[in-house]
Amino acid sequence: MAKGPVDPRLLRRSRPTRRFVGALIVLGLAQAVVLIGQAWLLAVSVSGMVAGRPWPEFVPQLAGVAAGFAVRAALSAGQQWAGQRAAAAVKSRLRADLLRARLDRPFAADTSGGRLVTLVTEGVEALDGWYSGYLPQLVLAAIVPLTLLVAIATADPTSAVIIAVTLPLIPIFMVLIGLATRDRMDARWRSNARLGHHFADLLAGLPTLQVFGRARSQLAGLRRVEERHRGATLQVLRVAFLSALVLEVLATLSVALVAVSIGLRVVTGEFTLLLGLFALVLAPEVYLPLRQVGARYHDAADGMAAAEDAFALIDAESRAPGGTRVDLREAAIEFDEAALAPAAGAPAAQRELSFVIGPGEVVAVAGPSGAGKTTLLRALLGHGNVVAGRVLIGGVPIADLDREHLLGQVAWVEQDPRLLPGTIAENVALGAPGAPPGRVIAALRRAGADALAPERELGVDGGGLSAGEVRRIALARALLRIECGGAQVLLLDEPTAGLDRATEARVVRGLADLGVTVIVISHRTAALDLAGQVISLPPSPVATTPPVEDPAGEASPRDDDARAGEPRTAPVTSGGDGLVSRLWIRGGWRRRALWSGTLLLGAAAAGCAVALLGTSGWLLAKASEQPPVLHLMVAVVAVRFFGLGRGVFRYAERLAGHDLGLRDQSALRLRTFAALADSPAAARRHGELVDRLVGDVAAAQDLVLRARLPLLAHAVVSVAVVAFLARWSLPVAALFAGYAVLAGWIWPRVGALISTRADRRLGTLRGALAEQAFLIHRHAPLLHTHGAGARQLARLADADAALVAGERRAATARALAAAGQLLVLAAAWPLMIIAAQQAAASGAWTTIMIATVALLPLALHELYAQHTAAMQAGIRSTAAIARVEQTIEQAAELPYPPPPEPLGEPGIAADQLVLQRGSLPPVDLRVRPGDRMVIAGPSGVGKSTLLATLLGQLPVGSGRIATGGLVGCLGQDAHIFDTTVAENVRLGDPGADEVAVHAALVAAGLPGLPPDRRVGEHGSSVSGGEGRRLALARVLAQRPDVLLLDEPTEHLDSPTARALLADIDAALPDAAILVVSHQPDLIRDTWGPRTRVADVTGGPVGIKCQPTDFQSAKESHDQEGTR
């Protein structure tokens, strides 16, 4: 964090809203001036009535106090209005700058999706307190106390001296405690960010966890993560709230000291009640700005820590715009003894690369997996790290080129192409906006994707398409960028991986006729034969990408107690009474005790605040009768007790409340993940889901801490005050009861109702914003290289504008409610004073109670001012928890299909199996131990769908499936978790020791990959081939009886692929292996004549070594394997 109380970077970003911050300061000063006038008029009227004079003599003063409340109502509404606008513009700008910085560094691996989503939502939202509260309050704290101190000094120099001596202690302690808590608050924010990243990683990898039967076993690890998070948060809060306690105690004890001093001087006749009341009313207001600075500082601490995180991303080194422009139609590409590193500070993956690529040449780049081929393409995109030698385009060093102009002339197909939500046509036209529909269709046809309808809507990451179909759409996008977008260079990273031979031949033939420079990375012979020049890279002497920091640091995706497989369980449902009721007061006796204790502490803290002011008024009025000092000692002790108790009880209540809230949100988060783990991981909006698991689930804490506890505690105090007054005067008690209902319930309720719709939608709007942020993060390379970042940022801006509009409506409602509360006080206060004077005249009590009655509404108003925000927090929290409940219910509505029938022995069988999607004909197959089966055929017919159905992840259309033994699978979208290499391998065998981990890595062709190396988000610190083999290593560690492989040799060169297949065969000689591949010849050549190949181009699929023979469940029950 910034070393001082104000981060200059945040201050600079306040320029667009300085007029609003200035308005807050002016309005605050106006409040102070009005308060001085009110205090004097209140002191005159109350002191006169305590002396026995009738209330009609003080009608002008009573009217003046009421008018003061009315003026303060307008000023308060203005403060709410200006406060919301002071923060809104800055938050919007900061969000845009964050995502723009992400787009400027698209290949950076130092920011995870979960961290970015948490930062853009919770982190930036936390800056509300900084701009609308802390910053203006900091200025007011330097002006208002001095103004009020001067006013007090004119009436009571002694009290002014006491205040002048004690007042500086507050900022001194603020600085000292702030220094002690700064790092802890920073650590608290990092813990929240890590939690968001951890859940994002688990959600992205949920299909992989389900394949390995480890989804529900994550709950044990998540429970430990939640416990550590709760413990760490409470540890931070103990220190942070201690500072608030010190400030509270200093301020309240100082006010108590002033009250006692005034009382003792009044009792001796040295001082008048009039001046004493005037000084007493103003004394708390002197300390209030400094107290609020402390409170606002801690409210804004998360925002300041998040800002530090945000500025680290925004201010990260990036290239300045501009530079030399080169026409790639005429420019040669030259590598002059270049050494390339995958990232800044990493060792070079390749050294002394020297070659020249002329305009219009077709060049292939070959080499073993991990040799740095992708790093070479990134260098040509302007994002390489040339650590030695030169990379020139048109004779100009690539670092000196105008990157935007360069990318405008480049079309690129990445190794693992990504698609945005939208239609196929929109994805194809991403790099050539405005391209005619006919050109889009032509590009799809040239890419072999003419069977795909351009108007078809796609889900997250092209959900519903095969890997080959996704690649063909990406290739069509590149072809259209050449034809309509002006691209002159085509960069292709494994463009034919996942394509069948016919489509591959069609695509390769088309590349030679483009008339542009083509640089293609491929392990396929067809692509290499096309090239006029083949650049062969030797094996890299180092890893192609650098190790990364541990961004999660919480838990691995496996659990030491995890089983080899998990039984199917009944889906988690929300129950008939809903989650909200369960999160309130239902639960075990310990939770009820914690809830009740927290409520009592809250009521005690609020009661002390009210009693402090009421008792101080009684003390001064009693002292004006000049009784013996001993008659005042009980009140003196009570004032000191209430002053100390207010801070102590508040400290204990805040800690207990946070503990209760953290327990609730932990239980809800675990319940939600359990529901997701029990349902098929269909295409989900990951950004929004992360926000629900982190942001919406945090609403469980807000529901307790910011809504129900304060409202109930204040209700207890209000009832106690009314009951206390009712002992002497029912009319006064009735007025207080009416004031409590109007100001404490009805007006806040009106304000909450005005903003109900906005409050309920805020979570949904924040989820939409989170999804847009996640899409930009996930697709940053695609958006950056295709010049589509501005369009996606515009969508983010739309989502942000909708969120800001909702927040504005909520702030307006709070402003109206606050103004209404002060207007109620303006009407009720004179009536309360008149009723108290009449009660004294009738003998119900002495005139001394008039002073108490005069000050009690002021203390109650301080409590009621929080109620609108509390009710709004309750509405938002209830809506957020309802969204989480909806997620749980949706997961419960999508249970796993029934498990396959048990087979009498290890293996897998299907009888007249018809898939629910795809065009695959009916399948009959039987794969026994030791069998090797390959299914080949065109992309998109349903081969991967067949494997998912055999695995039990998709329901059967018709027919029957039976499995026996442990079934393992390597899918095309196998997720690599952001943890170490060893922990990824142990996902297959949680009990694997170092020797077993190394053996699995060797069997997968990764003998040199360090087991303790972190692999980054989605395996960002390993090459595509290394990631593929790492996914295979954990399957081999599982040692399954049946192995399903989906394109196992994708992204691997031919020698590595053959070695890998041989290692699989040797590692699992008795396993039944079924493979989906577009390279059946390579597999058959490696595994020999026992390999059976079925081409599913047309006709029924029959792959039987032996007749299919289903056994009854009873006969084979003991031999049933886990999925």
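Side notes on the structure shown:
- Residues that are basic (Lys, Arg) and part of a loop (DSSP other than H, G, I, E, B) do occur in the range 1011-1024, at least one of them.
- Restricting the range 16-65 to residues that are part of a helix (DSSP H, G or I) and either touching a Cys at 6+ places or on another chain (Cβ under 6 Å) or charged (D, E, K, R) (or both), the residue that is farthest from residue 142 (Cα to Cα): 57
- Qualifying residue in the range 543-556 (condition: more than 30 Å from residue 845 (Cβ to Cβ), in the same structural domain as residue 665 (by TED's automatic domain parsing), polar (S, T, N, Q) and at pLDDT below 80): no
- The numbered conditions (1) closer than 25 Å to residue 9 by Cβ; (2) not in a helix (DSSP H, G or I) are all true for residue 115 except (2).
- Flag for residue 923 being more than 20 Å from residue 1071 (Cα to Cα) and hydrophobic (A, V, I, L, M, F, W, C): yes
- Condition met for residue 76 (assigned to a helix (DSSP H, G or I) and touching an Asp or Glu at 6+ places or on another chain (Cβ under 9 Å)): no
- Search result, residues across the range 431-448 that are part of a helix (DSSP H, G or I) and crowded, with 23+ Cβ neighbours inside 10 Å: 431, 440, 443, 444
- Any hit, the range 844-852, residues being within 14 Å of residue 749 (Cα to Cα), surrounded by 24 or more Cβ atoms within 10 Å (Cβ to Cβ) and out of contact with any His (no Cβ under 9 Å at 6 or more places or on another chain): no
- Counting only strands (runs of 3 or more DSSP E) that sit completely within the range 895-964, those holding 3 or more residues that are in contact with a Lys or Arg (Cβ under 9 Å, 6 or more places away or on another chain) correspond to 907-915, 923-927, 932-936.
- First in the range 750-768 and within 16 Å of residue 121 (Cα to Cα), second anywhere and at pLDDT 80 or above and β-branched (Val, Ile, Thr), Cβ under 7 Å, 6 or more apart: 759/875; 766/121
- Breaking point among (1) within 21 Å of residue 313 (Cα to Cα); (2) surrounded by fewer than 19 Cβ atoms within 10 Å (Cβ to Cβ), for residue 98: (2)
- All positions within the range 1031-1064 that are farther than 21 Å from residue 951 by Cα, in contact (Cβ under 8 Å) with a residue 40 or more places away in the chain, part of a helix (DSSP H, G or I) and not polar (S, T, N, Q): 1055, 1057, 1059, 1060, 1063
- Set 124, 144, 120, 90: member being assigned to a helix (DSSP H, G or I), crowded, with 19+ Cβ neighbours inside 10 Å and more than 36 Å from the chain's Cα centre (by Cα): 144
- The range 277-322, subset among the acidic types (Asp, Glu) and part of a helix (DSSP H, G or I), residue modelled with the lowest pLDDT: 299
- Given (1) of a type in the set (Asp, Glu); (2) surrounded by fewer than 20 Cβ atoms within 10 Å (Cβ to Cβ); (3) assigned by TED's automatic domain parsing to the domain that holds residue 53, index of the condition residue 885 fails: (2)
- Within the range 148-163, if we keep just the residues that are surrounded by fewer than 16 Cβ atoms within 10 Å (Cβ to Cβ) and aliphatic (A, V, I, L, M), the residue that is farthest from residue 260 (Cα to Cα) turns out to be 150.
- Residue within the range 1114-1121 that is buried (at least 17 other Cβ atoms within 10 Å of the Cβ), out of contact with any Asp or Glu (no Cβ under 7 Å at 6 or more places or on another chain) and either under 30 Å from residue 215 (Cα atoms) or at pLDDT below 70 (or both) present: yes
- Qualifying residues in the range 993-1010 (those that are assigned to a helix (DSSP H, G or I) and of a type in the set (A, V, I, L, M, F, W, C)) - the one surrounded by the fewest Cβ atoms within 10 Å (Cβ to Cβ): 995
Here is a yes/no grid of residues against (1) part of a helix (DSSP H, G or I); (2) in contact with a Ser or Thr (Cβ under 6 Å, 6 or more places away or on another chain); (3) touching a residue at least 60 places away in the same chain (Cβ under 8 Å); (4) over 30 Å from residue 232 (Cβ atoms):
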{"position": "614", "(1), (2), (3), (4)": "yes, yes, yes, yes"}
{"position": "640", "(1), (2), (3), (4)": "yes, no, yes, yes"}
{"position": "645", "(1), (2), (3), (4)": "yes, no, no, no"}
{"position": "655", "(1), (2), (3), (4)": "yes, no, yes, no"}
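- Of the residues examined, residue 732 is one that is crowded, with 24+ Cβ neighbours inside 10 Å, more than 35 Å from the chain's Cα centre (by Cα) and part of a helix (DSSP H, G or I).
- Condition check for residue 879: in the same structural domain as residue 128 (by TED's automatic domain parsing) and assigned to a helix (DSSP H, G or I): yes
- Among the candidates 265, 194, 238, residue that is surrounded by fewer than 22 Cβ atoms within 10 Å (Cβ to Cβ), modelled with pLDDT of 80 or more and closer than 30 Å to residue 652 by Cα: 238
Residues are listed down the side, and each one gets a yes or a no for (1) of a type in the set (Asp, Glu); (2) in contact with a Lys or Arg (Cβ under 8 Å, 6 or more places away or on another chain); (3) at pLDDT 90 or above:
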residue	(1), (2), (3)
393	no, no, yes
407	no, no, no
424	no, yes, yes
438	no, no, yes
452	no, yes, no
457	yes, no, no
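- Looking only at the range 374-395, and only at residues there that are in contact with a Ser or Thr (Cβ under 7 Å, 6 or more places away or on another chain) and not in a helix (DSSP H, G or I), the one that is nearest to residue 521 (Cα to Cα): 381
- Verdict on residue 1103 being surrounded by 16 or more Cβ atoms within 10 Å (Cβ to Cβ), modelled with pLDDT under 85 and at negative phi: yes
- Unique match (being closer than 18 Å to residue 212 by Cα and under 32 Å from the mean Cα position of the chain (by Cα)) among 996, 948, 1004: 948
The values are calculated or read from the model by the stated rules, or taken from the named source; none is laboratory data. Only a predicted model underlies this, so the values are computations on that prediction, with no experimental measurement involved. As a convention, Cβ positions derive from the backbone with ideal geometry for all residues, glycine included, and neighbour counts pool all protein chains shown.
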